[in-house]
Amino acid sequence: MKTEDVVLPDCLAIVDLDYAGSFEQWIATLRRLSDLPEDPTLCVQARVKSRSNDELVVLAAQAREAFQNEIVTLSWNGDPHIASSCGFDACHQPQASISAFPEETSHLTHSASIHDFASLRLAQSYKADFVVFAPVFQPRWKNVSAQGIDELTRLISISSIPVVALGGIHLGNVSKIPQTGAYGIACLSSVMDSDDPVVAVTELQSEWKARSGSHHDT
């Protein structure tokens, strides 16, 4: 966990290479999201899975080059060393990879994916800055069971760190999240399937802020 005060995201957009369908579309989405408002409570996460370490380093560097917004946080999903060496602002660990964050990456904001109470406890023990809980609703692109609002609420009630909600969140259901006590929202398909990802992110964040208020007590 960073020792100084950090601004955490209340709206996180995940840009996944496999979901994009091609490297060109992935990079184009990251490049387009550079035009997001200069808001430190926005975060863009570049996600790549099932590649060799050498490939990941190259892709991370290309993602960092494509995303040019200096205020919006850019996060790398995966190895903190890659995130640090390629100049990312933050690093996100998948649940299966939750571990101690190397001291040399302490300047990064650290987050972790969680799907249950055990993984929350693990992320807390390693002093993650925040966690992303999923899936709250049924994702449109993934055959997994939704955990639901009640489970999200229960997990938040015992969490000592901010929790961001992910999974099937769109403009039609984002209003159901604030009552849980979540710190913010994350989205993937609702952004990547949109005609304009910048519009999709800003509309989702605007709806979130209108429903939850911009102040967090967490």
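The values are calculated or read from the model by the stated rules, or taken from the named source; none is laboratory data. This is a predicted model, so every value here is computed, not measured. Cβ placement follows ideal geometry from the backbone for every residue including glycine, while neighbour counts extend to all protein chains displayed.
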- Query: Looking only at region 165-199, which residues are free of Cβ contacts under 8 Å to residues at least 40 places away in the same chain, of a type in the set (A, V, I, L, M) and in a helix (DSSP H, G or I)?
  - Reply: V174, V199
- Message: Can you report the number of residues in region 33-69 which are assigned to a loop (DSSP other than H, G, I, E, B), of a type in the set (G, A, S) and either under 18 Å from D18 (Cβ atoms) or in contact with a helix residue (DSSP H, G or I) (Cβ under 7 Å, 6 or more places away or on another chain) (or both)?
- Response: 2
- Task: Could you tell me whether any residue of region 2-10 is outside any loop (DSSP other than H, G, I, E, B), within 28 Å of E203 (Cβ to Cβ), touching a residue at least 24 places away in the same chain (Cβ under 8 Å) and not charged (D, E, K, R)?
- Result: no
- For region 168-204, name all the residues that are surrounded by fewer than 21 Cβ atoms within 10 Å (Cβ to Cβ), out of contact with any Leu (no Cβ under 9 Å at 6 or more places or on another chain) and farther than 22 Å from E24 by Cβ. G172, N173, S175, K176, P178, Q179
- Item | Considering residues of region 54-84 that are more than 23 Å from P40 (Cβ to Cβ) and not acidic (D, E) only, the residue surrounded by the most Cβ atoms within 10 Å (Cβ to Cβ) | L59
- So V15, is it touching a Ser or Thr at 6+ places or on another chain (Cβ under 6 Å) and modelled with pLDDT of 95 or more: yes
- Which one of these is closer than 24 Å to V72 by Cβ and either at pLDDT 95 or above or in contact with a strand residue (DSSP E or B) (Cβ under 8 Å, 6 or more places away or on another chain) (or both): S99, S113, S106? S113
- Note on the structure: Scanning region 143-164 residue by residue, those exposed (fewer than 13 other Cβ atoms within 10 Å of the Cβ) and in a helix (DSSP H, G or I) turn out to be D150, S157, I158
